[in-house]
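Reviewing the structure listed below.
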Amino acid sequence: MVILFWRRLDVIGVERLALTVSPDGIAADASVVCLEGGGFEIRHRWSLAPDWRTRSLEVERSGADGRRRLEIARSANGWLVDGAPRPDLDGAEEPDLSVTPFCNSFPIRRMSGEVGSSLTLDTCFIDAAAMTVERSRQRYDRLGPRRVRYVDLGVAAGFEAELEIDDDGLVIRYEHLFERVVPDTA
């Protein structure tokens, strides 16, 4: 098990993610605490196949406006949201949860390592504040061995950020939004 921490750069917030990789797949269990919007906590639990494709994602949001939950799961025919088919998400490759840089790793791990390569995909964008799911389009451009540019072509069209990643494709720094931190061990 690997424990990762990210802090928000745009607002006061922190995330703790426990990542477990096994031959059967990958599990991630995380908690995000943020002071934005009156303060909230998001718990998210991922079940991924060994190739880092999402099997399912559970998201729970607790805040001043109460507690809400949603589940998204890959099925043979597309995506299910809270158990119901969502044909509008057909063809979307992965979920993208707004409050974490973890899900950027899925497309990054599928990219060619060649500088100048690009990957465009549709996602199931989950707005953690509203707890809604909608289709969105993204592009990732390889800038270097450990640098990728993220370009939003959908929900937040025009937004771009440079991402620094580690050798496993996990985000170290997401320009303007997230930065990996190491807890004080003293």
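When restricted to residues that are over 18 Å from Phe106 (Cα atoms), part of a strand (DSSP E or B) and either among the acidic types (Asp, Glu) or in contact (Cβ under 8 Å) with a residue 12 or more places away in the chain (or both), region 55-68 contains 5. Report yes if some residue within region 115-132 is at pLDDT below 95 and of a type outside the set (A, V, I, L, M, F, W, C); otherwise report no. Checked region 115-132: no residue is at pLDDT below 95 and of a type outside the set (A, V, I, L, M, F, W, C). Taken over region 9-25, residues that are of a type outside the set (Asp, Glu), buried (at least 16 other Cβ atoms within 10 Å of the Cβ) and within 14 Å of the chain's Cα centre (by Cα) amount to 2.
Would you check if Trp52 is surrounded by 13 or more Cβ atoms within 10 Å (Cβ to Cβ) and not in a strand (DSSP E or B)? Yes: the conditions hold for Trp52. Test Ala64 against the stated conditions and say whether it is at pLDDT below 95, among the aliphatic types (A, V, I, L, M) and either under 29 Å from Asp168 (Cα atoms) or under 13 Å from the mean Cα position of the chain (by Cα) (or both). Criteria not met by Ala64.
Every residue, every condition in (1) surrounded by 21 or more Cβ atoms within 10 Å (Cβ to Cβ); (2) over 12 Å from the mean Cα position of the chain (by Cα); (3) closer than 27 Å to Cys34 by Cβ, yes or no:
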residue: Val59; (1), (2), (3): yes, no, yes
residue: Leu70; (1), (2), (3): no, yes, yes
residue: Asp82; (1), (2), (3): no, yes, yes
residue: Thr100; (1), (2), (3): yes, no, yes
residue: Ser105; (1), (2), (3): yes, no, yes
residue: Ser112; (1), (2), (3): no, yes, no
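Set side by side, the residues Val21, Val33, Val11 differ, and just one is outside any strand (DSSP E or B) and among the hydrophobic types (A, V, I, L, M, F, W, C), which is Val11.
Considered as a group, the residues in region 145-160 that are touching a residue at least 24 places away in the same chain (Cβ under 8 Å), under 14 Å from Ser98 (Cα atoms) and not β-branched (Val, Ile, Thr) include one that is surrounded by the fewest Cβ atoms within 10 Å (Cβ to Cβ), and that residue is Gly154.
If I ask for residues that are closer than 21 Å to Phe40 by Cα and buried (at least 17 other Cβ atoms within 10 Å of the Cβ), which ones from region 117-135 would you list? Matches in region 117-135: Phe125, Ile126, Ala128, Val133.
Leu163 meets the conditions (1) assigned to a strand (DSSP E or B); (2) surrounded by fewer than 18 Cβ atoms within 10 Å (Cβ to Cβ); (3) touching a residue at least 60 places away in the same chain (Cβ under 8 Å) in every case but one. The failed one is (2).
The values are calculated or read from the model by the stated rules, or taken from the named source; none is laboratory data. Predicted model only: the values in this text are computed from it and were never measured. Counting neighbours? That spans all protein chains shown, and the Cβs are built from the backbone with ideal geometry, glycine included.
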